[in-house]
Amino acid sequence: QPVAGDVLEHLEQLALVDFRDAEGVERLRRAIQFADQLHEVNTDGVEPMDSVLEDRCLYLREDDVTEGNCVNELLKNAREKVEEYFVAPPGNIPLPKLEERETFRQGS
C-alpha cells in the first residue's frame, strides 16, 4: 500500500503539477471535485465494458491521406508546445529546457 506522500508524488509526475503551493492544491481539489461526479451515477448491476462500441461491427476505411502539411496550422491551437509537440496537461511544473533534456533522459 503506497504512502500518501508517494501517491501525491506519483500524481505530481503524471499531471506535471506541484501540489506544494496554493495553485497546485487548487488544481488537485478541482480535479477531485470533477471526478466525484462519477459517484452520482448508479452503476449497480451494470457490467463493465471494454468499449462503448463493443456491441457494434466497426467498418474500417482505407487509410488514405487526403490532407497534409498543416503542422504549423495545427500547432497554433496548442496552449503550450515543445518543438513540434503539444504539451498536455499544462501544469505548473516547468519542463526541462532543451539543453537540459539530454541529461534529463539519461537520469530517468
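If you go through the stretch 29-79 and keep only what is under 29 Å from Asp18 (Cα atoms) and β-branched (Val, Ile, Thr), you end up with just Ile32. Restricting attention to the stretch 11-55 and to residues that are assigned to a helix (DSSP H, G or I), modelled with pLDDT under 85 and open to solvent by 100 Å² or more (accessible area, probe 1.4 Å), the residue that is farthest from Ala88 (Cα to Cα) turns out to be Gln13. In the set (1) assigned to a loop (DSSP other than H, G, I, E, B); (2) more than 18 Å from the chain's Cα centre (by Cα), Ala88 fails one condition alone, (2).
Within the stretch 57-77, the presence of at least one residue that is within 29 Å of Arg27 (Cα to Cα) and assigned to a loop (DSSP other than H, G, I, E, B) is confirmed. Determine whether Leu74 is aliphatic (A, V, I, L, M), modelled with pLDDT of 85 or more and surrounded by 10 or more Cβ atoms within 10 Å (Cβ to Cβ). Spelling it out, Leu74 is indeed aliphatic (A, V, I, L, M), modelled with pLDDT of 85 or more and surrounded by 10 or more Cβ atoms within 10 Å (Cβ to Cβ).
The values are calculated or read from the model by the stated rules, or taken from the named source; none is laboratory data. Just so it is clear, the structure is predicted and the values come from calculations on it, not from any experiment. No Cβ is skipped: glycine too gets one built from the backbone with ideal geometry, and neighbour counts run over all protein chains shown. The protein model used for the area step is the full one, side chains on, heavy atoms only, and it has no ligands, DNA or RNA in it. Shrake-Rupley method; radii C 1.70, N 1.55, O 1.52, S 1.80 Å.
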